[in-house]
Amino acid sequence: MTVALARPGYREFETETADRIFARLAPHIPPAPIDEPRPITSKEEQENFAQYLIAGAAHDSYIVQVIGRAIANLVPDDLHLQLFLSRQLGDDGAHAQYSRDRVLRLLGYDPINEIKRQVQEHWDFFGDLSTRSLFGFLAFEFHYELHIVAGLLVNKRLTKINDPETSNFVAQRILPDETEHRIGVIDWWRNQYGKISGAEKAELIAQIIELDNEGQKRRNAYLKNYWKINQVALGTGEVKEQPAIYDAWRKEILSYVLDIPVDQLPQLVSAND
């Protein structure tokens with residue numbers, strides 16, 4: 001990417017926005033676990049954690065497949081964007097491979113067939129939206145890189161059970177990688193479209209929000225199931241405020257990326273719709 005417009009203040013934006021959302025919607029949830037998460041202690045917990053890893057590997061593998069198609073078909077002549085996307089593809093491929101290998105070590109079998117099955121589920125519900133147009137691909141990036149952070153924020157505050165090796169990989173590799181991906185997606189939008197103004201910009205934003213809403217409709221059933229997998233594996237229990245936290249985070253992200261005040265955004269599809 002040529003100009004990193006989103007970098008100044010973006011990390012602070014994430015932290016401050018998360019703190020504000022939790023203070024308003026879930027003030028009883030602490031900013032970090034009160035007690036240090038404990039290691040897995042039973043076969044059942046090991047199996048639950050493996051299902052969490054498999055779901056994450058499928059998410060990351062779907063990203064790999066979509067980006068591969070986007071580089072070839074949507075941006076075949078945009079080398080700047082290709083270089084960013086190739087970084088994203090490689091990172092998410094490495095994350096998926098780690099999860100696959102960790103399940104093999106935890107449970108003694110290669111989960112590749114289950115990962116493939118779940119990747120196909122992503123294609124079934126999100127499918128053509130991610131690859132039919134450049135703005136559809138942008139909606140994919142918003143959902144798979146930016147909006148999903150809402151769930152990570154809940155996990156960060158409430159996790160009671162973890163796998164120390166995975167936690168170390170997350171801290172050392174996944175979190176830094178994913179922050180760079182989010183910044184890269186925002187930079188892409190701002191570098192390409194940030195100088196557009198007036199009616200043209202309004203029309204582009206309307207198209208993006210329409211596609212983002214379509215993506216939300218497609219992902220709602222998946223998100224509810226994915227949150228349950230996280231809650232069981234990490235010992236957080238049910239988080240009744242999770243849909244509201246997700247909706248609020250998504251509004252803030254769209255406001256930040258599209259440079260529109262939250263109260264001026266059009267009607268958004270809710271995670272509860």
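Read-outs: derived from the displayed coordinates by stated rules, not from any lab. Keep in mind that this is a model prediction, so the values were computed, not measured. So basically every Cβ, Gly included, is an ideal-geometry build from the backbone, and we count neighbours across all protein chains shown.
Our helix-only sum for the chain, with -39,500 (n - 2.57) per DSSP H run of n ≥ 4 divided by its residues, gives a mean residue ellipticity at 222 nm of -23500 deg cm²/dmol. Scanning the chain for trypsin sites (Lys or Arg not before Pro) lying in DSSP loops with no more than 15 further Cβ atoms inside 10 Å, the longest uninterrupted stretch between such sites is 1-131. Dipole magnitude for the chain: computed about the Cα centre from +1 point charges on Lys and Arg Cβ and -1 point charges on Asp and Glu Cβ, it is near 240 debye.
Shape class of segment 35-122 from the alpha-carbon gyration tensor: prolate, with a/c at 1.5 or above and a/b greater than b/c. Axis of helix 112-125 versus longest Cα principal axis of the chain: the two differ by about 40°, to the nearest ten degrees.
Could you work out the relative contact order of the chain, using alpha carbon pairs under 8 angstrom and six or more residues apart, expressed as a whole percent?
Values: 274 pairs, mean separation 80.8, N = 273.
For the chain, the relative contact order is 30 percent.
The separation of segment 205-264 from segment 122-158, counted between C-alpha centres, amounts to 9 Å. Taking Cα atoms, how many degrees apart are the long axis of helix 198-234 and the longest axis of the chain, rounded to 10 and kept between 0 and 90? Roughly 0 degrees between the two axes. Here the relative contact order of segment 1-122, from alpha carbon pairs under 8 Å that lie six or more residues apart, stands at 32 percent. Between the Cα long axis of helix 149-158 and the first principal axis of the chain there is an angle of about 30°, rounded to the nearest 10. Seen through its C-alpha gyration tensor, with square-root eigenvalues sorted a ≥ b ≥ c, segment 178-217 comes out oblate because a/c lies at 1.5 or above while a/b is not bigger than b/c. Legend: residue pairs Lys195/Lys228; Lys195/Lys240; Lys160/Lys224; Lys156/Lys251; Lys201/Lys240, Cα-Cα distance threshold 32 Å; pairs beyond threshold, Lys195/Lys228; Lys195/Lys240; Lys201/Lys240. Tell me the net charge near Ile245. Cut-off is 14 Å between Cβ atoms, Ile245 excluded, with +1 for each Lys or Arg and -1 for each Asp or Glu. Within the 14 Å Cβ shell, the charges total +2.
Working from Cα pairs under 8 Å separated by at least six residues, relative contact order for segment 189-273 is 38 percent.
Normalised by residue number, the volume inside the convex hull of the Cα atoms of segment 40-264 is 118 Å³ per residue.
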